[in-house]
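A quick write-up on the structure given underneath.
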Amino acid sequence: MNPIKKICTQESDAPTVLQGNIAFAAGCVRSGIHAVDGYPGTPSTEVIDKGLSQVQDMITVGWSINEATAVAVGHGHSLGGNDCVVTMKIPGLFQAGDPFTSGGFFNDKRGALVYYVASDYTPSSTQHLVDPRPFIKSCFTPIIEPRNHQELHDAPEIAADLARECHTPVVIMASGTLCHSEGLVRLSPIKKREKVELTVPLKSFNTLPAIARKNYDRVVKERLPQLIDIVEKSPLNNWEKGAGKIGVVTYGVSDLMVREVKQSLGADIDILSLGFTFPLPMKLIRKFYESISGTVYVIEDGYRYLQEELLIEGIAVEGKDVIETLTEWTPAEIAERLGYSVEQIKTPAVQPLMRPPMICPGCPYRLFGETVRKMKKRGKLESVFGDIGCNTLLFFMDANDSNLCMGASEGNRSGYVLANPDKASKCLSLLGDGTETHSGLDATRNALFRNVPGVKVILDNNWTAMTGGQPGPTSPVNLAGEENSFDLQASLAAHGAKVLVADGYDKKGVEKSLKEALAVAEEGGFVTLVITGVCIKKVPKAAHGTKMQVDRELCVECGMCQICPGILLDKEGAPHFNNNCSGCMSQLAACGQMCAKGAISPNTKKEEDVSATRSDLPEAPEGIELPDRSSFSLPEKIAVAIRGVGGQGNLFFGKVLTQMAFIAGYGDTNVVKGETHGMAQMGGPVISTFSCGKVVSPVLLPGTADCLVTMEKSEILREGFVDMLKPGGTVLMANTKVFPYGVDEDQYPTDKQIQDVLTSYKIVEVDVLAEALVLGDSSGRSANVVMMGALSRLAPFCDFPEELWLQALKNVSPKPAIWSANYAAFNAGKELI
């Protein structure tokens, strides 16, 4: 039985630690929701991708080609009697604006239609920070705002029941902080929901103007008063009374941040935490306001939605200033706003390296990006209009200039050329296969319809890659594993476009095709150029190819090979390959094609050496006997923060810690893990936080972490990271140095500069990457487990019996081969301390 099915079938009230998206997914199944549809969008993706896709025998689930289509599919489910959830991120809600608004005004009995809309107010992987609540309010659609992982788990049933009762769609606004963090959940009862039978003709669900007018009137006169009454009486509203001197009105994940301040600092504040943000329980809020003798604050994410709603009602709350840019509160910011003293965040005297997210080593987009960069440098190209997705990252190769939203690149280019007809052969539109089939085909048709000359480039890697590799129309199969019949190139040709195709791993082929396409544009034609090559995330590791080597006698140190994070220059200017090299998926190596001297070739000898010197791994036990909980004692609270670079396994590190804490018995109090997703997976900075015991928030207050772990040496310098550590705390630091693309070694902070920042703390430095390589892990990916072994020897983590660490490791990665490797890596890490 896979882990998701186990969660969906386990007995009710069983405690477990779940990521927010998985908690929601399990809640859908356990509450009897019939169907879930959606489109991938960080931070909502895992609901389907890592959750419901694993239990397709228990629920109808699928990816649609875009959010608008997913909403229409969801509406169809509801007309068919199913209770359906549709998942998306905030920009997806606006992409689906037409069916969302039209579908909000039907008033007759049908299956529930629930929208799971995930916010990203940092943002980590979102192109804007627009607060959608005023838009949703204008559709008279109720908004539920879960405050913790338990409420995320319970939300599907609550929302579906409300949708059925009031004949309305319902929005669940899920904070990205909750979606991607982990917390304690007690599993809800397993229920079955009967389908709903329509009691009116299907013709009643029509948007003819006369019908639309009647529907609007019914919503305002009947549905809205009903919802207001429900919200005013809802048990989801929590009033926590204090001395009545300072009050806070809050909702969603901000509730956790406020409670962290109250618990950690002993703050005496009254809290009114709302379960709904539309409609608002104004009578309850006014009663709360009148009970407070001092200031009442509004703490909310986004802009000032609640604050302005209350000010309009004459309730004189304080919150964010009109021109304040704060969109997500931390506990430290809340404490300061409420007048409590906290450790001030200090900016280190030396700054860490900038780490812009990059396309993956071995990505089939790389040679295209390098070709465009050179053409721009030589004046052959002037502008590239990009899109949303992995192609966005070509910005950091100077191969993508501007972008707007999903599918908009060709529309942008067309408008630019209409304004500047002489630029048709001097610019490109650029997007991925996922965005072309999402909404980009509209602009393809538009360019053909309006006879706008130019070149549209589609980077076709067969998958929705930026969000983790979900299937789309260009994938071999759909989510159900059924063979896909859509043919992108045939579709483009059927639209009337001239189609050119080039292999992304063929440098000369890319150059030739791009030159030919621009020549057609110069003559007034329109061309679609498809660059092919499968996303490396979907290529089995066994096919990742042989790492490359440099012949020092042939190399002239020209630097032409420096196009990938897998190859770097040493202090003498000579290139060498690191553990990021993927061998370009057994295709023609991009760096090798850049070398005019033929100095780069596959390193077959090195692979043989690694195989010959691979350590004999210790035998991992099949079963682990756990000690009785009464045999060991643990602190009331533990907190640790982990920093590194995307791809180093920080998130896995955090998962093991949460499992261990749960096994140790902290499930009786609380276990919380926070993390960064999105662009971090592409080589950007990433942070995970973990805390257990008397804790509330996934975001730590300054001065509360027992230990800091850094998987990449200079990442200790990220602003605010050292400030998390308790006075005199421990820094467990890998001496691993990861150089961003285009950065020389002399730009890296010196050891002395780093040590000067940490003079008041205990520093433990370990070479975890070297240990991983000794164990035969040529990728170095087990370095994070080596680091766990080292952490297990340091206070307060040494209080956890070793058996708990091992069982947690096995729980997270139970496959025998992985368990054996992790067992060896953990033991190697212990020996470092």
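See the values below:
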read-out	value
Subset of the stretch 77-104 that is farther than 18 Å from GLY62 by Cβ and touching a Cys at 6+ places or on another chain (Cβ under 6 Å) - its residue that is least open to solvent (accessible area, probe 1.4 Å)	GLY104
Residues being open to solvent by 20 Å² or more (accessible area, probe 1.4 Å) and either charged (D, E, K, R) or in contact with a Cys (Cβ under 7 Å, 6 or more places away or on another chain) (or both) - total across the stretch 391-424	5
Residue that is open to solvent by less than 10 Å² (accessible area, probe 1.4 Å) and either of a type outside the set (Gly, Ala, Ser) or more than 30 Å from SER291 (Cα to Cα) (or both), where the choices are ILE230, ILE190, ILE158, ILE172	ILE172
Any pair with Cβ under 7 angstrom, 6 or more apart, that starts in the stretch 285-302 at a residue that is open to solvent by 50 Å² or more (accessible area, probe 1.4 Å) and ends at one that is part of a loop (DSSP other than H, G, I, E, B) and not β-branched (Val, Ile, Thr)	SER291/GLY244; SER293/GLY244; SER293/LYS245
Residue ID - nearest to THR347 (Cα to Cα), chosen from residues in the stretch 742-764 that are outside any loop (DSSP other than H, G, I, E, B), charged (D, E, K, R) and touching a strand residue (DSSP E or B) at 6+ places or on another chain (Cβ under 8 Å)	LYS762
Subset of the stretch 40-53 that is closer than 24 Å to TYR121 by Cα and in contact with a strand residue (DSSP E or B) (Cβ under 6 Å, 6 or more places away or on another chain) - its residue that is most open to solvent (accessible area, probe 1.4 Å)	ASP49
Identity of the residue in the stretch 561-583, within 14 Å of VAL743 (Cβ to Cβ) and aliphatic (A, V, I, L, M), that ends up surrounded by the fewest Cβ atoms within 10 Å (Cβ to Cβ)	LEU569
Per-region count, the stretch 115-134, residues open to solvent by 20 Å² or more (accessible area, probe 1.4 Å), over 14 Å from the mean Cα position of the chain (by Cα) and under 18 Å from THR87 (Cβ atoms)	0
Filter result (more than 27 Å from the chain's Cα centre (by Cα) and open to solvent by 70 Å² or more (accessible area, probe 1.4 Å)) within the stretch 347-371	ALA349
Candidate set from the stretch 311-346 (those that are in a helix (DSSP H, G or I) and of a type in the set (Asp, Glu)); member that is most open to solvent (accessible area, probe 1.4 Å)	GLU336
Counted residues, the stretch 290-343 - those being charged (D, E, K, R), over 27 Å from HIS128 (Cα atoms) and modelled with pLDDT of 95 or more	2
Complete set of residues in the stretch 442-452 that are of a type outside the set (Gly, Ala, Ser), in contact with a Ser or Thr (Cβ under 8 Å, 6 or more places away or on another chain) and either more than 22 Å from ALA490 (Cβ to Cβ) or buried (at least 20 other Cβ atoms within 10 Å of the Cβ) (or both)	THR444, ARG450, VAL452
Residues of the stretch 602-621 that turn out to be at pLDDT 90 or above and out of contact with any helix residue (DSSP H, G or I) (no Cβ under 6 Å at 6 or more places or on another chain), as a count	1
Strands (runs of 3 or more DSSP E) contained entirely in the stretch 393-504, each with at least 3 residues that are at pLDDT 95 or above and touching a Gly at 6+ places or on another chain (Cβ under 6 Å)	427-432
First in the stretch 23-37 and farther than 11 Å from ALA160 by Cα and open to solvent by less than 10 Å² (accessible area, probe 1.4 Å), second anywhere and in a strand (DSSP E or B) and not polar (S, T, N, Q), Cβ under 6 Å, 6 or more apart	ALA23/VAL185; ALA35/CYS84; VAL36/VAL61; VAL36/VAL85
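Listed here are the residues, each with its yes/no results for (1) free of Cβ contacts under 8 Å to residues at least 12 places away in the same chain; (2) surrounded by fewer than 20 Cβ atoms within 10 Å (Cβ to Cβ); (3) more than 30 Å from ASP422 (Cβ to Cβ).
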residue: THR474; (1), (2), (3): no, no, yes
residue: GLY481; (1), (2), (3): yes, yes, yes
residue: ASN484; (1), (2), (3): no, yes, yes
residue: ASP487; (1), (2), (3): yes, yes, yes
residue: VAL499; (1), (2), (3): no, yes, no
residue: GLY509; (1), (2), (3): yes, yes, no
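The values are calculated or read from the model by the stated rules, or taken from the named source; none is laboratory data. Please read all numbers here as calculations on a predicted model, not as lab measurements. When we count neighbours, we look across all protein chains shown, and the Cβ atoms used for this are built from the backbone with ideal geometry, even at glycine. Heads up: the accessible areas ignore ligands, DNA and RNA and are worked out on the full protein's heavy atoms, side chains in. Shrake-Rupley method; radii C 1.70, N 1.55, O 1.52, S 1.80 Å.
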